Each structure stands twice: as C-alpha cells, then as structure tokens.
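Written out below as structure tokens is the structure these notes cover.
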Amino acid sequence: MKKFLTAALAGFMSISLAACGSSSSGTAASSSSSAASGSSDSSDMKVAMITDYGDITDQSFNQTTYEASKAWAEKNGAKFNYYKPASDADADREASIEQAIEEGYNIIVMPGYAFAKAIVDEADNYPDVKFVGIDVSQSDLDTNSNETGWTRDNTYTAVYQEELPGYMAGYAAVKLGYKKLGYLGGMAVPAVIRYGYGYVQGANEAAKELGLSDVEIKYVYGGAFAGNADITAAMDTWFSGGTELVFAAGGSIYTSAAEAAAKVNGKLIGVDVDQAATIDGKYGEGMTVTSAMKGLAATVNAVLDGIKAGKWDSDYAGKADNLGLVSGTDLSKNYVQLADSTQWGDGFTEDDYKELVSKLYNGDLKVDNDTTVDLSKYDGVVKVDYQGSLK
C-alpha cells in the first residue's frame, strides 16, 4: 500500500464540494518540517487509545488506529496502552478516559464521532492532557456542548472527506463493468452516509460517461458496525438476486457481505483501510475489487510527530481539520484514496484512476457531501433502491 504521507493538508466542506486544496481549515502537519521550539521528549509522551464501537481486531477503524498508535509509541520510546469501554455508553467512554489519565497517560487518541461528548466533558477537567479525536467533527463538538464553534487548547479533531473515496469506488466499479451494485453501511452516521452518497454519485458519473441506463444500486444500513445473522440474510438475498458487488462500509460489517458473496462468487469493496488481504484471505482470493481508504494511520503519526516536535500549539491546539486531497498528481500524499490492491482492468486502469483524482482535486468533478439531503437526490442515471436500516 502506498504510504499516506503526513503532509500539510487543506480541506473544506460545502454542499457542493470541489475537492481542491486552495484553502485551509486546519492542518495535519508534516513532521518533516522544522520543529518549533519547545519540542517534547517522547519518553514524556504517554499515549492511550480508547476503542470506539468495535475493538482492536475489527480489521478496520479501531484496529488501524490502535496499530498506528502502538507502532508510533514503540518506535519513539513512548509508553502506550489501550482501553476498551465497558459499553457504548458515553459514561463508559469517559470512565475509560479517566482511567487512562489516572494511570498517567497524557495523550488520549479516540477514533470515532461517538467520542465528541467525552471530549467536551473531559477536556476542561484535564487541561494538561491532549485529546485527539479522529472522525470527530466540529459539528459533533458543537452539538454535544450546545456551543457554536466549541474548542479547547488541549483538543484536536479531524474528519475525512469520505464522499471522495466513496465516489472513486463507485466510479471504478461501474467502469470495471459491474452494473448490479450494493451499498451496505454500518450505522447511518455522517461518515458512513458520506461514503454511501459519494459511492452513488461516482457510479452515476461513470454510467453517464459510458452511456449506461441499466446500473442499479441496492442501498441499506445494517444498524451496526459488525456483521450478524440478520445482515447476512439480507446480503444473501441481494447476492442470490443478482447483486454482483457490495461496498461494505462500517467496521467489521463486511463479514456478513463476504459470507454471502462467497456463496455465489460475489465481490466486495473494503473500507477505511486496504481490506483485500483480510477479506480475500478468509473468504476467497480476488473477492475484494478495491478499498475506499482514509489516512487514519497518517493522521495518528502526524499528530504524535507534531507533539514530539513541539508543534501542538501552532499546528493542532483547538483545531478541527477536514482531511481529503492534497495533490492531484502525487496520489501518495492524499488522505483519501483507493487501495493499491485495486483490480485494475481495461475499463479502469491505474492511469484512469490518476486522471480521476486529478479531476476531483482540480474541481472538474464535484462531489456533494451534504448528508442531510434525501438519497433520491442522487438517483440519476443509476437507479437506487433505498431499503432504509435493518434495525
């Protein structure tokens, strides 16, 4: 997999998003730039990671954040531990944070929007502790604080423009010849919705370019971030009914789609990280057509490098970044992309992918990231069968 470089990143959100790097709402700064004064001894950095809805074996969001935090700590001689809350309740997330701090940890890494309330509740109580929220938006913080523009000097949060890798995945799927598509989201939270809405828009654009009128997408939220019998049954119905490929976006929910796909030689698109080795290794070689990825590890590394270099105050304190495309030519720098393991074909080559990214970066192609609109807004050339949520 190409490394996501920890380069400076500009991003912004608008109802009609042109993913270009012209202005900055925040920066996940590169550790290669000159360090500000006041750099930290990494031995004084004690990093704790708190899990979200899943755990550190979910082969996705939590596991990637855990592995990145742990690897950074080992490489830099910092103390590290992780904590799994007793439940998905805010009180238990906050209890895990408090336990970590009581045990001496001074940097708390939290993956997932569900940590917004915990950050708001705990930041003022522990002003000497740095709170790093990944996939926590400014809107999440504002909602949980009842304050517009909530921020604290000991917090940093970042979200990703998931609509972009979602778009890339949908575009690639249709260009590669798949016409009977599916989208299986986890819970209907903003990041998962953005993936799905981008997926539909990308499929629409590819179908228009190819002059197709017979591309279909079944669309459902599983209501969970892990597979279960009900979700597997729904996927069995899809695949037995002719669905060729499903984009499974939501932690380990891919297991249900993969179990169903394996019965009929169906295909999957992975999410967040390159899931090809995981899915193909367990369910069948060649099952994973591509993965729609975001730079979780890159973000962790950038922030921890920045703290070590003494750049927290200048580059991170109080910021809420929106991470997406940094370059239209050097794809390795981007915080959102398709996996290197993508099954390129005549209909969609690696050069075609580079051209697509360039168009997205330059604004020649625009992707709507408004999660409040009805999905029917994107029901254009592609026919979308929206099936709601399974629970």
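Assorted remarks:
- Of the residues making up the range 125-147, those that are β-branched (V, I, T) and either in contact with a Phe, Trp or Tyr (Cβ under 8 Å, 6 or more places away or on another chain) or more than 21 Å from V189 (Cβ to Cβ) (or both) are V129, V132, V136.
- Pair list, Cβ < 6 Å and 6+ apart or interchain, from the range 68-79 residues that are crowded, with 21+ Cβ neighbours inside 10 Å to residues that are in a helix (DSSP H, G or I) and polar (S, T, N, Q): W72/N301; A78/S42
- Residues located in the range 140-155, provided they are among the acidic types (D, E) and over 23 Å from the mean Cα position of the chain (by Cα): E147, D153
- For N81, the conditions (1) in a loop (DSSP other than H, G, I, E, B); (2) at pLDDT 95 or above all hold with the exception of (1).
- Flag for A262 being without any contact (Cβ under 8 Å) to a residue 60 or more places away in the chain and not acidic (D, E): yes
- Selection status of E259, over 15 Å from F61 (Cα atoms), acidic (D, E) and not in a helix (DSSP H, G or I): no
- When I193 is tested against (1) part of a loop (DSSP other than H, G, I, E, B); (2) over 20 Å from V289 (Cβ atoms), just one condition goes unmet, and that condition is (1).
- Breaking point among (1) part of a loop (DSSP other than H, G, I, E, B); (2) in contact (Cβ under 8 Å) with a residue 60 or more places away in the chain, for V384: (1)
- Checking each residue in the range 107-128 for being outside any helix (DSSP H, G or I) and either under 21 Å from Y53 (Cβ atoms) or open to solvent by 10 Å² or more (accessible area, probe 1.4 Å) (or both) picks out I108, V109, M110, P111, G112, D124, N125, Y126, P127, D128.
- Pair list, Cβ < 7 Å and 6+ apart or interchain, from the range 282-306 residues that are within 22 Å of G166 (Cβ to Cβ) and part of a loop (DSSP other than H, G, I, E, B) to residues that are open to solvent by less than 20 Å² (accessible area, probe 1.4 Å) and at pLDDT below 95: G295/Y335
- Criterion: outside any helix (DSSP H, G or I), open to solvent by less than 60 Å² (accessible area, probe 1.4 Å), free of Cβ contacts under 8 Å to residues at least 12 places away in the same chain and not acidic (D, E) - qualifying residue of G149, G182, G177, G133: G149
- Of all residues making up the range 330-376, the number that are part of a loop (DSSP other than H, G, I, E, B), over 20 Å from the mean Cα position of the chain (by Cα) and modelled with pLDDT of 95 or more: 8
The values are calculated or read from the model by the stated rules, or taken from the named source; none is laboratory data. Quick caveat, the model's predicted, so the values are computed rather than measured. Cβ sites come from the backbone with ideal geometry, for glycine too, and all protein chains shown count toward neighbours. These accessible areas exclude ligands, DNA and RNA; they are computed on the full protein's heavy atoms, side chains included. Shrake-Rupley method; radii C 1.70, N 1.55, O 1.52, S 1.80 Å.
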